[in-house]
Each structure stands twice: as structure tokens, then as C-alpha cells.
Amino acid sequence: MSAEASPVLTQDPRWQEQERAWAEVGFAPVIIGGDAGAYGAARAFHEAYGITSLVLSKHQMWMIKHSKIITHLEIENGTVMEHVRTGLNLAPIRRLRDQGIPILLLGAIDSTVQAIIELREAHPEDLGQDVVVPYVDRARFDAATVKDNFTALAENLGVDHPVTRVVDFGADLDTQLPLELSFPVWAKPADVTAWYWTEFEGKHKVHRVQTPEELAELFGKVHAAGYRASFVVQEEVPGDDQNMRVLTCYADQNSVIRFASWGETVVEDHSPAALGNPSVILTTKNSEAVDQAQKLLTELDWVGYANFDLKYDPRDGKTKFFELNPRLGRSSYYITGAGNNPVEYYVRDFIRGELSADGETTRVEDQAETVYTVLPGWLASRYVSDPERRRRIARILRSGGRRNPFFYAADRSPRRMALLLAAQASLVRKFLRFYPPSRVTGE
């Protein structure tokens with residue numbers, strides 16, 4: 001349900017039915033951002049509690065359009081604190097707050113999480129007691145998510161990570177180059193929010209760089225575009241997407257990991273705008289990696305979700321931590337689909353206070369073996385070069401273990417299905433163009 005006229009919306013019988021459902025469970029989820037991460041979270045709330053979510057964004061991407069489990073409200077820009085502040089005062093949300101229904105406020109990407117944190121610190125009176133923000137403060141956010149900070153933290157704690165150098169764009173670049181690294185390297189902005197506002201031709205989410213000369217050319221463009229934060233440059237860990245890993249942890253109010261979900265990436269998105277987003281994930285378990293994550297979260301005094309990007313290094317058999325994202329990831333449905341609904345931890349901890357009161361320190365890691373995929377099964381399996389792994393994935397797919405976040409039986413309508421099928425076809429064309437399976441398997 002999309003809200004173009006808020007006063008009219010609140011008189012709609014469907015809205016009033018939603019209000020009753022939110023009142024019954026004791027909260028209403030409000031998600032800033034209109035992308036795949038927002039849909040994954042909304043689906044998780046619907047599966048766990050049978051409720052719809054309010055999604056605030058400028059545009060409705062295809063993932064959330066025509067969804068029956070989402071009510072969309074338009075705001076100018078979810079990465080800007082003042083626009084989030086305005087969104088919380090829209091008539092439908094104001095009505096919920098006036099009725100005493102708590103708002104659980106979530107961000108779909110790092111920059112929307114940052115805007116929410118900034119709002120809480122700059123204008124706590126706007127949130128009061130009825131808007132629940134399940135995130136750490138700005139100091140801990142920066143300590144974890146500014147990538148040069150994370151690298152220094154991993155090094156100090158002895159957590160496995162790639163060989164890394166940091167370049168400060170606020171200082172003279174000529175005195176910092178060339179870097180003592182083995183090429184190729186991956187170069188990425190330390191401050192993703194500053195990067196969001198930086199524009200130049202050839203900009204990618206991250207850049208794979210073959211030579212020192214190419215790196216110097218890239219940095220010249222970045223500097224000319226006005227970016228003045230740091231850049232993290234890491235030596236490439238050998239191997240393709242199949243060596244990538246994802247780990248999602250929930251830390252309670254004592255920074256103890258109570259839940260962890262491990263996934264082995266099969267293939268990532270290779271289009272320039274979405275480079276590195278996991279597209280196919282095989283769910284499994286890795287307690288050793290969770291132990292290393294616990295070191296980081298204890299040192300950070302972390303509370304809530306931490307989503308880690310990692311990669312297995314065949315040279316030494318270690319899995320290297322790359323970065324921490326302060327939220328449920330874009331591909332968080334890999335967790336829900338494997339049998340553990342991640343939003344329940346937000347609710348149990350921040351809404352109902354159960355995790356703080358139970359005194360437990362045990363953590364949940366077990367999950368069903370499934371294949372999360374935004375691609376059709378026939379294409380997903382073609383990106384696997386190891387014969388044993390391919391047989392394993394084929395077995396899971398045959399037994400009904402495929403999990404696509406966007407095809408949800410409770411969220412079907414003719415308009416939505418037409419949109420999803422068109423998006424699926426477009427996605428297949430994009431993968432065949434930017435990363436054909438033959439580049440992996442030689443077929």
C-alpha cells in the first residue's frame with residue numbers, strides 16, 4: 001500500500017487493520033530505505049509477526065513496489081538526518097505514536113543508519129520514549145564502520161585481515177604514494193557516507209586496481225571530485241567470488257554474541273553500481289570466525305547487529321575480515337530462509353527486554369543448509385567451479401532448499417508477479433553481460 005495522501009491513508013480500512021496488528025504485537029517497524037535490504041527486513045517482520053512494515057524512501061525500487069507487506073511513505077532522502085526527522089512526523093507515523101504504539105526504527109544501508117544515529121544524538125526530544133533505535137552511538141559507529149578504523153582494530157586484536165594501507169585524502173597525496181603493496185589491489189572509501197555524495201566518471205562502489213599508475217590516476221579523480229576522507233587499499237586475496245564469506249552476528253546489551261549466521265558466497269554482483277553484493281549464498285557454520293567476531297564486538301562495546309564481509313585465503317587457510325556493516329545486510333534473507341528470523345532479536349532485546357533479563361550467554365549458530373539466491377537456480381549453480389560443491393548445491397536445490405527473498409507466497413498479486421518476473425529476466429541479462437559463468441568454470 002503506497003501513501004500519497006497521508007490523511008486519506010489513515011481512514012483506509014486496511015490501514016486500520018494494520019494498526020490493530022501493530023498494537024497487538026506492541027510495535028510498528030519503520031524502515032528507512034526502499035531497496036532489497038528494506039524488503040528483506042519487511043518480509044522477516046511479516047514472517048515472524050504477521051505485520052506490515054512502513055518503508056520511508058524517495059523512490060520505490062522494484063523490490064518493494066506493489067508489495068502487500070509494505071506501506072510506502074515518501075521522504076526526500078533517507079541519508080539526511082533532517083529528512084528522517086520529517087518522516088517521523090508524517091501523519092500516519094504521528095498517529096501511531098499518539099496511540100502509544102512504539103516505533104522500531106531501522107536503516108536499510110549504512111548511511112541511513114548513520115542518519116538515524118545523528119537524529120537521536122542531535123534531537124533526542126523528537127524520538128522520546130516511543131521511537132526505539134537499536135543502534136550504537138556515533139562514536140562506536142565510526143570506530144567500527146570507518147574502514148581504516150576497523151583495519152587498525154583488527155590488527156590490534158590479532159583478527160585475521162588482508163594486508164592494508166590507508167591513504168588520507170585530507171593530506172598531500174604525493175607524499176603517500178606509491179604504496180608498498182603487491183598488485184592487484186582493492187581500493188575503497190573509508191567513509192561510505194562521504195562517498196555517497198562524491199561523483200565522478202567511472203565511480204564504483206569499490207575499485208579493483210591493477211598497477212600503481214592506475215591507482216594514482218584513480219586517486220587523482222577522487223581528489224578532484226572533492227572527497228577528503230580516507231581510502232583503504234588492500235592486497236587482493238586470491239580466488240573469485242566462491243571464496244567470499246558473510247557473517248551476521250547479534251550482540252546483546254553486554255556485547256555478547258547471542259546469534260550468528262554464516263554463509264559461503266557462491267557469486268556476487270559484478271555490475272558497477274552493485275559490485276560486491278552477494279547474490280547466491282550457501283548457508284553453513286563457522287564457530288572459529290564467530291569467536292574472532294566476538295573479539296571485535298567486545299572491544300567495540302557493540303550492541304545490535306554486525307554484518308561482516310570476509311574472504312577465505314587459500315595461501316594460509318585463514319578467513320580474512322574485510323569490514324563491518326552496522327546493520328542487517330542487504331542479503332539478510334539468507335538468515336531468515338535458513339530458519340532463524342533475525343528481526344526477532346531486535347524485538348526480544350529492544351522492545352521486550354528479554355535478552356537483557358535472561359542472563360544467558362549461549363549463542364545460536366545452527367541453521368538449515370539452504371541456498372539463498374536472487375538468480376534462477378539453473379544460473380546460480382553454473383557459477384560453481386568445484387564439482388563437489390556444485391553437487392552439494394544441486395542437491396539442496398532439488399530438495400526445495402532454494403530461498404529467493406522476493407518471491408513470497410504471502411505477497412503475491414498479478415502486478416507484483418509481472419514486475420518480479422521482468423526484474424528476474426533483467427537480472428539474468430545483467431549477470432550474463434558483466435559476469436558470465438564461463439569466466440568461472442570455463443564452460
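The values are calculated or read from the model by the stated rules, or taken from the named source; none is laboratory data. The shown structure was predicted, so the numbers you read here are calculated from the model rather than taken from an experiment. Glycine also receives a Cβ, built like all others from the backbone with ideal geometry; neighbour counts cover every protein chain displayed. These accessible areas exclude ligands, DNA and RNA; they are computed on the full protein's heavy atoms, side chains included. Shrake-Rupley method; radii C 1.70, N 1.55, O 1.52, S 1.80 Å.
Suppose we keep only residues that are farther than 23 Å from ALA108 by Cα and in contact with a Ser or Thr (Cβ under 6 Å, 6 or more places away or on another chain) within the stretch 257-306. Which one would you say is least open to solvent (accessible area, probe 1.4 Å)?
Here the residue is ALA289.
Any chance the stretch 384-405 includes a residue that's under 21 Å from VAL267 (Cα atoms), among the hydroxyl-bearing types (Ser, Thr, Tyr) and touching a helix residue (DSSP H, G or I) at 6+ places or on another chain (Cβ under 7 Å)?
Taking every residue of the stretch 384-405 in turn, at least one turns out to be under 21 Å from VAL267 (Cα atoms), among the hydroxyl-bearing types (Ser, Thr, Tyr) and touching a helix residue (DSSP H, G or I) at 6+ places or on another chain (Cβ under 7 Å).
Does ARG208 qualify as being open to solvent by 50 Å² or more (accessible area, probe 1.4 Å), of a type in the set (D, E, K, R) and touching a Pro at 6+ places or on another chain (Cβ under 7 Å)?
yes
Please go through the stretch 393-419 and give me each residue that is surrounded by fewer than 19 Cβ atoms within 10 Å (Cβ to Cβ), not charged (D, E, K, R) and not in a loop (DSSP other than H, G, I, E, B), ordered by number.
Answer for the stretch 393-419, where residues must be surrounded by fewer than 19 Cβ atoms within 10 Å (Cβ to Cβ), not charged (D, E, K, R) and not in a loop (DSSP other than H, G, I, E, B): ALA394, LEU397, ALA409, ALA410, PRO414, MET417, ALA418, LEU419.
Looking only at the stretch 8-17, which residues are over 20 Å from TYR49 (Cα atoms), touching a Pro at 6+ places or on another chain (Cβ under 8 Å) and not in a loop (DSSP other than H, G, I, E, B)?
The one that is over 20 Å from TYR49 (Cα atoms), touching a Pro at 6+ places or on another chain (Cβ under 8 Å) and not in a loop (DSSP other than H, G, I, E, B): LEU9.
Having 2 or more residues that are touching a residue at least 60 places away in the same chain (Cβ under 8 Å), crowded, with 24+ Cβ neighbours inside 10 Å and not charged (D, E, K, R) is the bar; report the strands (runs of 3 or more DSSP E) wholly within the stretch 18-119 that clear it. Give the steps one after another, and end with the answer.
Numbers: elements: 28-32, 53-57, 70-74, 103-107.
The strands (runs of 3 or more DSSP E) meeting that bar are 28-32, 103-107.
Going residue by residue through the stretch 94-103, is there one that turns out to be among the small types (Gly, Ala, Ser) and under 30 Å from TRP197 (Cβ atoms)?
So far as the stretch 94-103 goes, no, none of its residues is among the small types (Gly, Ala, Ser) and under 30 Å from TRP197 (Cβ atoms).
Going through the stretch 131-143 one residue at a time, which ones are touching a Lys or Arg at 6+ places or on another chain (Cβ under 7 Å) and modelled with pLDDT under 95?
If the condition is that a residue be touching a Lys or Arg at 6+ places or on another chain (Cβ under 7 Å) and modelled with pLDDT under 95, then no residue fits.
Taking THR151, is it open to solvent by less than 20 Å² (accessible area, probe 1.4 Å), hydroxyl-bearing (Ser, Thr, Tyr) and at pLDDT below 90? Outline the logic, then answer.
On the way: open to solvent by less than 20 Å² (accessible area, probe 1.4 Å): yes; hydroxyl-bearing (Ser, Thr, Tyr): yes; at pLDDT below 90: yes.
The answer is yes for THR151.
Scanning the stretch 386-443 for residues that are touching a Gly at 6+ places or on another chain (Cβ under 8 Å) and touching a residue at least 40 places away in the same chain (Cβ under 8 Å), which turns out nearest to THR373 (Cα to Cα)?
Of everything passing the filter in the stretch 386-443, ARG403 is nearest to THR373 (Cα to Cα).
Looking for whichever is among the charged types (D, E, K, R), open to solvent by 50 Å² or more (accessible area, probe 1.4 Å) and either modelled with pLDDT of 95 or more or within 19 Å of PRO272 (Cα to Cα) (or both) here; the options are LYS188, LYS221. Which one fits?
Exactly one of LYS188, LYS221 is among the charged types (D, E, K, R), open to solvent by 50 Å² or more (accessible area, probe 1.4 Å) and either modelled with pLDDT of 95 or more or within 19 Å of PRO272 (Cα to Cα) (or both), namely LYS221.
Tell me, yes or no, whether the stretch 203-215 has at least one residue that is of a type in the set (A, V, I, L, M, F, W, C), over 17 Å from the mean Cα position of the chain (by Cα) and within 23 Å of GLN294 (Cα to Cα). If you could, list the steps in order and put the result at the bottom.
Here is the first cut: in the stretch 203-215, the residues of a type in the set (A, V, I, L, M, F, W, C) are 206, 209, 215.
Those still in the list that are over 17 Å from the mean Cα position of the chain (by Cα) too: 209, 215.
Okay, now just the ones that are also within 23 Å of GLN294 (Cα to Cα), so none.
There is no residue in the stretch 203-215 that is of a type in the set (A, V, I, L, M, F, W, C), over 17 Å from the mean Cα position of the chain (by Cα) and within 23 Å of GLN294 (Cα to Cα).
For the stretch 182-224: of the residues being aromatic (Phe, Trp, Tyr) and part of a loop (DSSP other than H, G, I, E, B), which is nearest to GLN234 (Cα to Cα)?
Per the stated criteria, the residue is PHE183.
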